[in-house]
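Asks: Have a look at this one before I ask anything.
The values are calculated or read from the model by the stated rules, or taken from the named source; none is laboratory data. This structure is a prediction, so every number in the text was calculated from the model and none was measured. Here the Cβ positions follow ideal geometry from the backbone for every residue, glycine too, while neighbour counts run over all protein chains shown.
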Amino acid sequence: MTEEIHKGLAGVVADHTAVSKVNPESNSLLYRGYPVQQLAAELAFEEVALLLWNGELPDAAQKEEFRAFERSHRALDPRVKSAIDLLPLDCHPMDVGRTAVSVLGANHPLSEDSSPEAELTKAKELFAAFPAVVAYDQRRRRQLQLVEPREDLDYSQNFLWMTFGEEAPEEVVDAFRVSMVLYAEHSFNASTFTARVVTSTLADLHSAVTAAIGALKGPLHGGANEAVMHTFEEIGINPAETREDAAARAKAWMEQALAEKRKVMGFGHRVYKSGDSRVPTMKQALDAMVDYYGRGELMGLYDGLEAAMGEAKNILPNLDYPAGPTYHLMGFDTEMFTPLFIAARITGWTAHIAEQRANNALIRPLSAYNGPEERHL
Ligand code: COA
């Protein structure tokens, strides 16, 4: 019998989901029915999180309740801080994020309670707690002290405050908020599917999120936003250069990379073949940061790579391409970019975990054996 193999599960529809709809034909992405571009233009990230979890936009009372909840669950748990302090400064920050979620799970009183109410509480707490993990990790790598959260700031303002120890300007907060909204959810991507596989065994929420972080780390998935910056660094970032000169160098670099058959991160997508629906909105946020920091030459690199990739292979940028340089301009170290993606995607992952649990079937595909025929000792 010859089985049909769907390598990488490409084209396989594994289940239904009501969380988001990715439509490559119309190049659209809907969260619970709402175009992501509209959400990014108008809503706080906290409201988008509630939409993903609850299926509907929050009313004023729900917003207020979550506002108070989120602000009161931001402080870095001392047990998490101790665990982070045990990790070497040169380990990847994704390892820190993965460990932090694991420690939070091990200490959670509701860890083994998988009722919808307990799961939502754990999801909201994780959402509120994770920024302090990223912020503290970024600071300790710079030999800086922990900065306590501020309850008078919203999620994005406070995230930047805890990371940099100063209030971020409105323009920066807004670009950051947009990136969080765009990174929040994207149907059955590798990390979300991982979270669903773990949930399908009836394991706890923190185990599912920890596993999802492992999947997100890879450069073919979330790690691509860092890899984009490594490409820029390999080409060479020179703030004194003109945009045109930077573009010319980037173009030449890309031609050479493609001649060497290198995969260039930040381009291509398994689902979108004619452009990633999230890129125009993220590119606007990047443009705002480039204007704010006066770094036109970075856009030279950006445009040069994009043009050369388009001409040679007609492959378009994905969300990680504009997100990488945006986070760089804000002042994050390159290795911190994918942990920022965790902070955003906790919303989508936990919405999918709830959905999987509500209508569960163990996820366990078959394989076609191609090893040696039966043999005997
Ligand atoms: N750089 C160079 N070539 C690329 C490419 C890239 N970023 N992405 C795709 N291609 C080429 C492949 O080399 C392949 O060419 P070939 O047919 O001549 O061998 C073809 O396009 C198909 O690529 P493949 O990797 O098989 O398609 P996929 O659907 O599995 O790929 C990704 C999806 C995302 C894994 C792929 O585009 C990729 O590796 N991109 C870079 C990583 C990245 O940015 N990930 C973030 C995704 S949001």
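Asks: Quick check on my filter: what residues within the range 323-335 are within 17 Å of H221 (Cβ to Cβ) and of a type outside the set (A, V, I, L, M, F, W, C)?
Replies: G324, Y327, T334, E335
Asks: Condition check: of a type in the set (F, W, Y), within 16 Å of the ligand (Cβ to nearest atom) and either assigned to a helix (DSSP H, G or I) or surrounded by fewer than 16 Cβ atoms within 10 Å (Cβ to Cβ) (or both). Does Y292 satisfy that?
Replies: no
Asks: Report, by residue number, each residue of the range 245-289 that is farther than 30 Å from S20 by Cβ, part of a loop (DSSP other than H, G, I, E, B) and either of a type in the set (S, T, N, Q) or within 10 Å of the ligand (Cβ to nearest atom) (or both).
Replies: K261, R262
Asks: Turning to a different aspect of this structure: Does the range 82-90 contain at least one residue that is closer than 20 Å to A354 by Cβ and either free of Cβ contacts under 8 Å to residues at least 60 places away in the same chain or among the charged types (D, E, K, R) (or both)?
Replies: Scanning the range 82-90, I find no residue that is closer than 20 Å to A354 by Cβ and either free of Cβ contacts under 8 Å to residues at least 60 places away in the same chain or among the charged types (D, E, K, R) (or both), so the answer is no.
Asks: Further question: Working carefully through the options D113, D59, find the one that is free of Cβ contacts under 8 Å to residues at least 40 places away in the same chain, within 28 Å of R278 (Cβ to Cβ) and acidic (D, E).
Replies: D59
Asks: Report every pair of residues separated by at least 6 positions or lying on different chains whose Cβ atoms are under 9 Å apart, first residue within the range 306-320 and under 16 Å from L286 (Cβ atoms) and without any contact (Cβ under 8 Å) to a residue 60 or more places away in the chain, second within 9 Å of the ligand (Cβ to nearest atom) and of a type in the set (F, W, Y).
Replies: E306/F267; E306/Y321; L316/F267; L316/Y272; P317/F267
Asks: Picking from T242, T231, T194, which residue would you name as being free of Cβ contacts under 8 Å to residues at least 60 places away in the same chain, of a type in the set (V, I, T) and closer than 30 Å to Y136 by Cβ?
Replies: Sole residue among the options that is free of Cβ contacts under 8 Å to residues at least 60 places away in the same chain, of a type in the set (V, I, T) and closer than 30 Å to Y136 by Cβ: T194.
Asks: May I ask you to verify whether V19 is more than 19 Å from P131 (Cβ to Cβ), of a type in the set (A, V, I, L, M), in contact with an Asp or Glu (Cβ under 8 Å, 6 or more places away or on another chain) and crowded, with 17+ Cβ neighbours inside 10 Å?
Replies: Yes; evaluated as a whole, the condition is true for this residue.
Asks: So, in the range 267-305, exactly how many residues are touching a strand residue (DSSP E or B) at 6+ places or on another chain (Cβ under 6 Å), farther than 24 Å from A168 by Cβ and free of Cβ contacts under 8 Å to residues at least 60 places away in the same chain?
Replies: Result for the range 267-305: 1.
Asks: Right, another one. Condition (residue is part of a loop (DSSP other than H, G, I, E, B), surrounded by fewer than 24 Cβ atoms within 10 Å (Cβ to Cβ), among the aliphatic types (A, V, I, L, M) and within 16 Å of the ligand (Cβ to nearest atom)) applied to the range 209-220: is it met by at least one residue?
Replies: yes
Asks: Condition (residue is in the same structural domain as G268 (by the TED database) and among the hydroxyl-bearing types (S, T, Y)) applied to the range 177-188: is it met by at least one residue?
Replies: No, the conditions are met nowhere in the range 177-188.
Asks: What are the residues in the range 50-78 that are of a type in the set (D, E, K, R) and either in a loop (DSSP other than H, G, I, E, B) or at positive phi (or both), if any?
Replies: Once the filter is applied, which keeps residues that are of a type in the set (D, E, K, R) and either in a loop (DSSP other than H, G, I, E, B) or at positive phi (or both), the range 50-78 yields E56, D59, R74, D77.
Asks: A further question on this structure: Looking at (1) over 24 Å from H92 (Cβ atoms); (2) in contact with a strand residue (DSSP E or B) (Cβ under 6 Å, 6 or more places away or on another chain); (3) within 10 Å of the ligand (Cβ to nearest atom), find the lone condition where S187 falls short.
Replies: Result: S187 fails condition (3) only.
Asks: Can you pull out every residue in the range 221-244 that is in a loop (DSSP other than H, G, I, E, B) and away from the ligand (no atom under 16 Å from the Cβ)?
Replies: Residues satisfying the conditions are G236, I237, N238, P239, A240, E241, T242.
Asks: Of all residues in the range 309-337, count the ones that are in a helix (DSSP H, G or I) and away from the ligand (no atom under 11 Å from the Cβ).
Replies: Summing the residues that are in a helix (DSSP H, G or I) and away from the ligand (no atom under 11 Å from the Cβ) in the range 309-337 gives 13.
Asks: Another question about this same structure. Determine which member of the set A343, A361, A354 is exposed (fewer than 14 other Cβ atoms within 10 Å of the Cβ) and within 27 Å of L50 (Cα to Cα).
Replies: After applying the criteria, what remains is A361.
Here's the yes/no breakdown for (1) among the acidic types (D, E); (2) in contact with a strand residue (DSSP E or B) (Cβ under 7 Å, 6 or more places away or on another chain); (3) assigned by the TED database to the domain that holds Y293:
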{"site": "N318", "(1), (2), (3)": "no, yes, yes"}
{"site": "T326", "(1), (2), (3)": "no, no, yes"}
{"site": "P339", "(1), (2), (3)": "no, no, no"}
{"site": "A354", "(1), (2), (3)": "no, no, no"}
